[in-house]
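Input: a single structure, listed below in structure tokens.
Derivation of every value follows stated rules applied to the coordinates shown; laboratory data play no part. Remember, predicted model here, so these are calculated numbers, not experimental data. A quick note on method: Cβ atoms are made from the backbone with ideal geometry, for glycine too, and the neighbour counts reach across all protein chains shown.
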Amino acid sequence: MSPSLTLHAAARTRMSTRSFACAHGENDDRWRIDERRGLFLVADASGPTYGGYHAPFGVDPGLAAIAEALDGGDSDEDGEARLRAALWAAHSMMRAIHDRQEELAKAVQQTRGGDRLDASLDASDALRDRCRWPHRVFSHHAAWCTALSRWRGDRVSVAQVGGCRAHRIRGRAIEQLLPDHTLRSLVEAQGGPMELLEMHGGISTRSLGYLQGPEQIDTRTVEIEPGDCFVVCTDGLWSLLDEERIRDIVVQKTPSPDSVAEALLQAVEGPSTDDATVVVIVAR
């Protein structure tokens with residue numbers, strides 16, 4: 001690979017038209033392009049719930065923790081170990097926020113009079129801290145995330161938790177770099193009854209904020225070649241576009257990552273119950 005090879009990236013996101021989130025003016029998807037760190041990611045926060053809409057506050061500080069962890073990681077570690085540790089840092093941040101809110105909620109419920117007021121003020125201070133993050137003050141701290149990190153020039157490591165996906169398109173060949181963790185993919189892989197997927201196929205068996213250990217973060221490293229295009233997207237995109245359609249759009253629009261990202265979102269235009277977000281990275 002040429003030492004002058006660079007990664008060019010672009011992102012697009014579209015809010016759904018029929019979700020809990022859009023009624024509150026919220027997009028539950030997130031994306032990051034951090035060229036200095038060589039970090040590219042998408043995330044899909046678990047906002048809608050059966051009890052109503054909960055804006056995903058805890059996700060943003062969690063994603064910020066990924067970049068901080070990469071800065072503080074061991075430069076001698078391989079890319080997969082560093083990226084897994086970074087996503088585990090995001091998970092830990094989200095759990096800490098969740099646990100703190102649980103403590104505050106219990107304190108408010110268990111106190112009365114002046115003590116209750118003091119506990120409520122403590123809770124208000126915690127909520128005020130959220131002003132750094134442009135999201136509504138509701139509580140929910142689970143998210144899917146797929147992240148790519150460039151490692152030592154000619155390699156990209158990918159880490160996967162949940163239902164986002166990363167594809168590499170090389171020539172006319174497309175490859176999903178890691179399996180997602182949706183119930184749909186699990187049932188399909190095991191040859192289970194497809195009728196189970198009608199209502200719950202989008203449920204994920206893994207999410208940041210609800211992991212048992214860092215080993216639940218899947219990783220892989222691949223070589224980069226000139227002309228490679230990586231499409232990292234939420235399920236609001238890949239659930240509506242099969243791999244062949246994604247490949248065809250990339251082939252038509254490469255080498256411009258902006259054109260690819262725009263064309264991919266245009267391909268899923270129309271009424272939708274899910275936000276759609278894509279980050280496109282082209283090696284040139």
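When you count the other C-beta atoms within 10 angstrom of each residue and take the mean per peptide, 160-170, 181-191, 248-258 line up highest first as 160-170, 248-258, 181-191.
Under 5 Å from the amide H of residue 227 lie the amide H atoms of 283, 284, each residue being 5 or more positions distant or on a separate chain, with H modelled from the backbone and absent for Pro and chain starts. Summing +1 for each Lys or Arg and -1 for each Asp or Glu among the other residues whose beta-carbon sits under 12 angstrom from that of residue 256 gives 0. At full extension, residue 176 and residue 212 could sit 10.5 nm farther apart than now, given 0.36 nm per residue minus the alpha carbon distance.
Close amide H partners of residue 27, meaning residues 5 or more places away or on another chain with modelled amide H under 5 Å apart, do not exist here.
Put simply, the amide H of residue 204, placed in the peptide plane, has neighbours under 5 Å in 183, leaving out anything fewer than 5 places away on its chain. Note on residue 78 and residue 64: their simple-model spin labels are 3.3 nm apart, each label 7 Å out from Cα toward Cβ.
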